[in-house]
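Below is one structure, written out as structure tokens; comments come after it.
The values are calculated or read from the model by the stated rules, or taken from the named source; none is laboratory data. Note that this is a predicted model, so its numbers are computed, not measured. Every residue, glycine among them, receives a Cβ derived from its backbone with ideal geometry; neighbour counts consider all protein chains shown. For the accessible areas, the whole protein counts, side chains as well, though only heavy atoms, and no ligand, DNA or RNA atoms are used. Shrake-Rupley method; radii C 1.70, N 1.55, O 1.52, S 1.80 Å.
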Amino acid sequence: MNLGLAIFLIILALVGGAVGGFFIARRYMMDYFKKNPPVDENMLRMLMMQMGQKPSEKKIKQMMSSMKTQTTKTTKTSKKK
């Protein structure tokens, strides 16, 4: 086997593995965050209380719905690309 061909195949395998690993890890993390959102209502209440705001139920629901809307927009735009 030619040395140049062997080096080319090794580099090709490394690049292919890196690209494949990136997309597999990205998909795994997107699924993980969809199943386990990083912020829930209790955490949002605690954050608001720490900032000195009184968390009303209406504010909590508004913030949660806006966060859900933002994540769905992000996932839809990333799937289009």
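Values computed for the structure shown
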| item | result |
| --- | --- |
| Condition met for residue 51 (touching a Ser or Thr at 6+ places or on another chain (Cβ under 8 Å) and open to solvent by 60 Å² or more (accessible area, probe 1.4 Å)) | no |
| Some residue of the stretch 6-26 being touching a residue at least 12 places away in the same chain (Cβ under 8 Å) and open to solvent by 70 Å² or more (accessible area, probe 1.4 Å) | no |
| Within the stretch 34-47, tally of residues that are open to solvent by 100 Å² or more (accessible area, probe 1.4 Å) and within 24 Å of residue 76 (Cβ to Cβ) | 2 |
